2 protein chains.
Amino acid sequence: MMRIKCIIAYDGTGFAGYQVQPNKRTVQRELESALTKLHKGSEVKVVASGRTDAGVHAVGQVIHFDSPLQLPEERWPAALNSILPNDVVVEEAAYVAEDFHARYHAIGKEYRYRLIRTKKSNPFLRHYAYQYSFPIDVERMREAIPYLLGEHDFTSFCSARSEVEDRVRNIYGIYIEEHDDELLFRFVGNGFLYNMIRILMGTLLEVGKGEREPHEIEKILAKKNRIYAGKTAPGHGLYLWQVYYEENIANDK
Amino acid sequence: MMRIKCIIAYDGTGFAGYQVQPNKRTVQRELESALTKLHKGSEVKVVASGRTDAGVHAVGQVIHFDSPLQLPEERWPAALNSILPNDVVVEEAAYVAEDFHARYHAIGKEYRYRLIRTKKSNPFLRHYAYQYSFPIDVERMREAIPYLLGEHDFTSFCSARSEVEDRVRNIYGIYIEEHDDELLFRFVGNGFLYNMIRILMGTLLEVGKGEREPHEIEKILAKKNRIYAGKTAPGHGLYLWQVYYEENIANDK
């Protein structure tokens, strides 16, 4: 058996999220079903760096699985892509150490959130960005960012449905880039809780609209209670952009 | 009654084309059903500059309809967009002369076709561009263009299912723009037949791949028979970009 690490991209529009759920179309199910076909019916389990919600996209999700097939590394993407539906694509594949783990070994992630400031919605972006018609003050949002950086207990920014116990995470950077009518939010950290980016986004937007003061972030964090943060922004603006590992994929055999 | 001209955009992915067909979701049906709701149940008929096929998009489709509602011009887009599904958007509206006709008065159209040269398909573009993995020589395609320009009987580039009798059209320009891995084809002419742009695209691609010579276009046109032209390229790369009228929409009262 060899362990294979893949970088995959998917359009989240047609999926009920990444993780397998009964009677739902999910990314994990498509991956496992493609792998099982490639292995002539013997079941292959896939482990991802983490799940993503319904409608959330990925450009650089990372998965691993084990296989007895001795395909040359560079043949794996084409072999899988020929079976996968066209809303999931294997971008790269590499053989890795047999103890490599896509989730446990991830040391950081970048998520991006696309916000379009518009009064008139663009039908081509309806699944790919949050089209926002209220005026927002970007500088106010930037003033809120320092309160979020570094290590904090992010319980207030985590879905109340989460069962994770340790809610301490370290955010390394939050960057807001302006491109024409688009605001691109980049969140880089050692890991993110369930719905965390979407709640951070919703809260930053409330700051940008003037409904909250930038310094209120400090109080929200201290409360450790989801009800004090802002609304959860829609999933379809969110992209899992990149997952970081200590090992470089190319040297990782 | 006042006649209203609108510029509309739609993502063709979820539609069985523009024109009403029994038991199919079409753009015309969504427009008429929104207008009928806005008119408290009295039926409103919509006339477009022309139909588009299943999967084909529009950025600047033009329609007209008549209404007794005396809404200020600038209120029409929001009034309709609040009822329409989010894959069809009214971009602009204007009151026009009561004999204005979206189809008969159109004097020209621009269509665009997005081709992405790639070995690995991008899941986010699967409905919005033709992702093409064969090597193509753009200069060869450019050499074929002069044979298509001007007035010709385009029967060879028209779906055999078309019932239109006059197949003479005038192509004013075909432009190929290169942007990174994207080739953007712009077709401007006085009108286009059923499937004409898609058959032109398919034929140009066969020239670009080296399967046909640029000068063969002349022979294909002379044959006046669909079987001599190339394959019909997929609809999802195609956009109805703009419709031209002699009247300027702003002065058109």
> From the list A:4, A:8, which one is away from chain B (no Cβ under 14 Å), surrounded by 21 or more Cβ atoms within 10 Å (Cβ to Cβ), of a type in the set (A, V, I, L, M, F, W, C) and under 18 Å from residue A:242 (Cα atoms)?
Replying inline: A:4
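Considering each of B:95, B:147, B:113 in turn, give the residue that is in a strand (DSSP E or B), of a type in the set (Phe, Trp, Tyr) and assigned by TED's automatic domain parsing to the domain that holds residue B:167. Quick ask: steps written out before the conclusion?
On the way: B:95 fails: assigned by TED's automatic domain parsing to the domain that holds residue B:167; B:147 fails: in a strand (DSSP E or B).
The match here is B:113.
Take the residues of region B:69-97 that are of a type in the set (D, E, K, R) and at pLDDT 95 or above: which is farthest from the chain's Cα centre (by Cα)?
Let us first name the residues in region B:69-97 that are of a type in the set (D, E, K, R), namely B:73-75, B:87, B:91-92.
When the remaining residues are screened for being at pLDDT 95 or above, the result is B:75, B:87, B:91-92.
Values: B:75: 26, B:87: 16, B:91: 16, B:92: 18 Å.
So the residue we want is B:75.
Taking into account only those residues within region B:124-160 that are among the hydrophobic types (A, V, I, L, M, F, W, C) and within 14 Å of chain A (Cβ to nearest Cβ), which is surrounded by the most Cβ atoms within 10 Å (Cβ to Cβ)?
Applying the first criterion (among the hydrophobic types (A, V, I, L, M, F, W, C)) to region B:124-160 yields B:124-125, B:129, B:134, B:136, B:138, B:141, B:144-145, B:148-149, B:154, B:157-158, B:160.
When the remaining residues are screened for being within 14 Å of chain A (Cβ to nearest Cβ), the result is B:124-125, B:129.
Numbers: B:124: 19, B:125: 18, B:129: 23.
Only one residue fits best here, namely B:129.
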>> Can you pull out every residue in region A:168-188 that is buried (at least 17 other Cβ atoms within 10 Å of the Cβ) and either β-branched (Val, Ile, Thr) or free of Cβ contacts under 8 Å to residues at least 24 places away in the same chain (or both)?
In response: A:171, A:174, A:176, A:188
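Report yes if residue B:95 is touching a helix residue (DSSP H, G or I) at 6+ places or on another chain (Cβ under 8 Å), surrounded by 20 or more Cβ atoms within 10 Å (Cβ to Cβ), of a type in the set (Phe, Trp, Tyr) and away from every other protein chain (no Cβ under 11 Å), otherwise no. Show your work before the answer.
Working: touching a helix residue (DSSP H, G or I) at 6+ places or on another chain (Cβ under 8 Å): yes; surrounded by 20 or more Cβ atoms within 10 Å (Cβ to Cβ): no; of a type in the set (Phe, Trp, Tyr): yes; away from every other protein chain (no Cβ under 11 Å): yes.
Criteria not met by residue B:95.
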> Just checking, how many residues over region A:67-92 are out of contact with any Phe, Trp or Tyr (no Cβ under 8 Å at 6 or more places or on another chain), within 14 Å of chain B (Cβ to nearest Cβ) and either farther than 22 Å from residue B:124 by Cβ or not charged (D, E, K, R) (or both)?
Replying inline: 13
> Within region A:99-118, which residues are away from every other protein chain (no Cβ under 14 Å) and hydroxyl-bearing (Ser, Thr, Tyr)?
Replying inline: A:104, A:111, A:113
> Out of region A:223-253, which residues are at pLDDT 95 or above and in a loop (DSSP other than H, G, I, E, B)?
Replying inline: A:224, A:225, A:229, A:230, A:231, A:232, A:233, A:234
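Being of a type in the set (Gly, Ala, Ser) and over 13 Å from residue A:31 (Cβ atoms) is the filter here; which residues of region A:57-73 pass it?
So the first thing to find is which residues in region A:57-73 are of a type in the set (Gly, Ala, Ser), and the list is A:58, A:60, A:67.
Within region A:57-73, just A:60 meets the criteria.
Report whether or not residue B:121 is of a type in the set (Gly, Ala, Ser), loosely packed, with under 15 Cβ neighbours inside 10 Å, under 30 Å from residue A:12 (Cα atoms) and within 14 Å of chain A (Cβ to nearest Cβ).
On the way: of a type in the set (Gly, Ala, Ser): yes; loosely packed, with under 15 Cβ neighbours inside 10 Å: no; under 30 Å from residue A:12 (Cα atoms): yes; within 14 Å of chain A (Cβ to nearest Cβ): yes.
Here the answer is no, as residue B:121 does not meet what is asked.
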> When residue A:36 is evaluated against the numbered criteria (1) surrounded by fewer than 18 Cβ atoms within 10 Å (Cβ to Cβ); (2) within 16 Å of residue A:194 (Cα to Cα), which criterion, by number, is the only one it fails?
Replying inline: (2)
> Taking residue A:53 and the conditions (1) free of Cβ contacts under 8 Å to residues at least 60 places away in the same chain; (2) away from chain B (no Cβ under 14 Å); (3) not polar (S, T, N, Q), which numbered condition does it fall short on, given that it satisfies the others?
Replying inline: (1)
>> Just to be sure before I move on: is residue B:220 closer than 28 Å to residue B:137 by Cβ, assigned to a helix (DSSP H, G or I) and within 16 Å of the chain's Cα centre (by Cα) in the structure I sent?
In response: no
> Of (1) under 18 Å from the mean Cα position of the chain (by Cα); (2) within 14 Å of chain B (Cβ to nearest Cβ), residue A:173 satisfies all except one. Which?
Replying inline: (2)
> Of A:165, A:218, which residue is touching a residue at least 60 places away in the same chain (Cβ under 8 Å), surrounded by fewer than 18 Cβ atoms within 10 Å (Cβ to Cβ) and not polar (S, T, N, Q)?
Replying inline: A:218
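Pick out the one residue from B:177, B:213, B:206 that is more than 30 Å from residue B:100 (Cα to Cα), of a type outside the set (Lys, Arg) and in a helix (DSSP H, G or I).
Details: B:177 fails: in a helix (DSSP H, G or I); B:213 fails: in a helix (DSSP H, G or I).
Going through B:177, B:213, B:206 in turn, the sole match is B:206.
A quick yes/no check of all residues on (1) assigned to a strand (DSSP E or B); (2) without any contact (Cβ under 8 Å) to a residue 24 or more places away in the chain; (3) farther than 28 Å from residue B:246 by Cβ:
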site	(1), (2), (3)
B:13	no, no, yes
B:86	no, yes, yes
B:91	yes, no, no
B:104	no, yes, no
>> Need the failing condition index for residue A:20 against (1) within 11 Å of chain B (Cβ to nearest Cβ); (2) free of Cβ contacts under 8 Å to residues at least 60 places away in the same chain, just the number.
In response: (1)
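The values are calculated or read from the model by the stated rules, or taken from the named source; none is laboratory data. Note that the structure is predicted; figures quoted are calculated from it, not measured. Here the Cβ is made from the backbone with ideal geometry for all residues, glycine too, and neighbour counts use every protein chain on show.
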